[in-house]
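The values are calculated or read from the model by the stated rules, or taken from the named source; none is laboratory data. Being a predicted model, the structure only gives us computed values, none of them experimental. Please note: Cβ atoms are built from the backbone with ideal geometry, for glycine as well, and neighbour counts cover all protein chains shown.
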Amino acid sequence: MKKITILSVLASVSSALCMAQNPIITTSYTPDPAPFVYGETLYMFTGHDEDDATYFKMNDWQVFSTEDMVNWTYLGTPISTETFKWAFHGDRAWASQAIERNGKWYWYVCLNDAQKNDVLAVAVADDPQGPYVDAIGGPLAKGFSFIDPTVFIDDDGRAYLFWGNKGLWYGELNDDMISFKDGYKEVPGFHDAASFGPKMMKMNWGKGKEELMVGFEEGPWISKRGDLYYLTYPSGGVPEHMAYSTAPTVDGPWTYRGRIMDEAVNSFTIHGGEIEYKGHNYMFYHNGKLPNGAGFHRSAAVEEFKYNPDGSIPFIPFTDRGPDPVGTLNPYQRVEAETMAHSWGVKTDRLAGKDHYVRLIHNGDWIKIREVDFGTEGPKAVTIETLNFKNPGTVEFYLDAMSDNPFAKIEVDGKEPVQKVDVRSRRPVTGKHDVYILFRGGDEQLFDLDWWQMTR
């Protein structure tokens, strides 16, 4: 009776979530997503709201990657406030963005110095996964509400950094990407409603009082399409919606173009990033839709959109489905367990480096992988590697929905970390399918999963 009950519940859950994609990361809270395309890979750099946060509490930043827009691979937590020895170490961190130039990766973050002043800092690495080191040994810029940096390299090779909360500053970066060419200044026309949205009464924390201010709130994102510069940003006070302005040059003049996203679900903030990937345009943002999600537990999401013929950005509605796949996953090469489209219950490790795994696995937890292409022949066997064994259990593989007929089932008893079993399906598993990995066992934590792979 218990087995039937569990299976029926799981079937209902899998059916309800079969098309769910937003939020796109389910193993941790991932605010302020910042996408960057490098070759055939889209990287997403995010913040990391702590599970026990009751206010803004963030100690480090994470990175993920995808090649199909539906399956995301966790690439670690390679940078934290402790990367910057001179900074305040703990929950004094906000949005960030990373970019590659000349074989180096530059990750711009905002945090507090030892005196708890708002500062911008930059770390550098040879790989998007790190290891990252402090590029300067001190702040790049310091000032009240100096948070939420966005970096942009123009067609002529000149690089710019924009940032600010209830204010907006920018400066051209030198070729070294870690210093300003001629200092920085406030964006021209920032206090003009025609540039950054209708004025309203908002709290000016620097002055400790409310005053009339433009709609721009924080979290700028700068991009370019053709000869037109786009600046998207949270707007309208709290709760925030997404708006944008455009300009013929990076120095302005900026023209307010209107609202493009509503207030985020279950979050009073929203933070976006627009990018083109494989011929499609995507808007990244965050919401509070994960279990226990809220304004201090935010999660990355993404929507596909198309520019209007005149180059304007249309209004972009929120969806649970998210974007369609733009690629497939090959099950006949090693697939890291931390590659997934959706999950329930599990977490990923919190490590730097390039070796990662899925942890905190309990009975009934699962992982979903989308658009798995089995080809015309189909697999004959499945191999997994587990680690950190705690209690026995099973790893079951299902096609398209969790039911009572897994096509592969592996008993994990802690004796052999690498195990291989034959596929149980009576018919060849061919074509494209969603794959569910379901974990079963007792009431305690079971084991960790490192990777899986199928063989023909």
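Details
- Residue satisfying condition, being small (Gly, Ala, Ser), modelled with pLDDT of 95 or more and under 30 Å from LYS278 (Cα atoms), within set ALA123, ALA135: ALA123
- Residue in region 423-434 that is among the β-branched types (Val, Ile, Thr), outside any loop (DSSP other than H, G, I, E, B) and surrounded by 13 or more Cβ atoms within 10 Å (Cβ to Cβ) present: no
- Spans of strands (runs of 3 or more DSSP E) in region 250-343 with at least 1 residues closer than 30 Å to ASP355 by Cβ: 273-277, 280-287, 299-305
- Residues considered: SER15, SER28. Of these, the only one that is of a type in the set (Gly, Ala, Ser), modelled with pLDDT of 95 or more, over 20 Å from ASP127 (Cβ atoms) and surrounded by fewer than 23 Cβ atoms within 10 Å (Cβ to Cβ) is SER28.
- Candidates ARG257, ARG298, filtered to the one that is of a type in the set (Lys, Arg), crowded, with 20+ Cβ neighbours inside 10 Å and at negative phi: ARG298
- Scanning region 142-168 for residues that are closer than 24 Å to ASP227 by Cβ, in contact (Cβ under 8 Å) with a residue 40 or more places away in the chain and among the acidic types (Asp, Glu) gives ASP154, ASP155.
- Which listed residue, of PHE56, PHE64, is farther than 23 Å from ILE275 by Cβ and either touching a residue at least 40 places away in the same chain (Cβ under 8 Å) or hydrophobic (A, V, I, L, M, F, W, C) (or both): PHE56
Residues checked against (1) among the β-branched types (Val, Ile, Thr); (2) farther than 20 Å from ARG92 by Cβ; (3) assigned by TED's automatic domain parsing to the domain that holds THR73; (4) assigned to a strand (DSSP E or B):
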| residue | (1), (2), (3), (4) |
| --- | --- |
| TYR106 | no, yes, yes, yes |
| VAL109 | yes, no, yes, yes |
| GLN115 | no, no, yes, no |
| ALA121 | no, no, yes, yes |
| PRO131 | no, yes, yes, no |
| GLY137 | no, no, yes, no |
| SER145 | no, no, yes, no |
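- Any strands (runs of 3 or more DSSP E) falling wholly within region 152-245 and containing at least 3 residues that are under 27 Å from ASN281 (Cα atoms) and at pLDDT 95 or above: 159-163, 169-173, 221-225, 228-235
- Sole residue being buried (at least 19 other Cβ atoms within 10 Å of the Cβ) and either farther than 15 Å from GLN62 by Cα or out of contact with any Leu (no Cβ under 7 Å at 6 or more places or on another chain) (or both), chosen from ALA93, ALA159: ALA159
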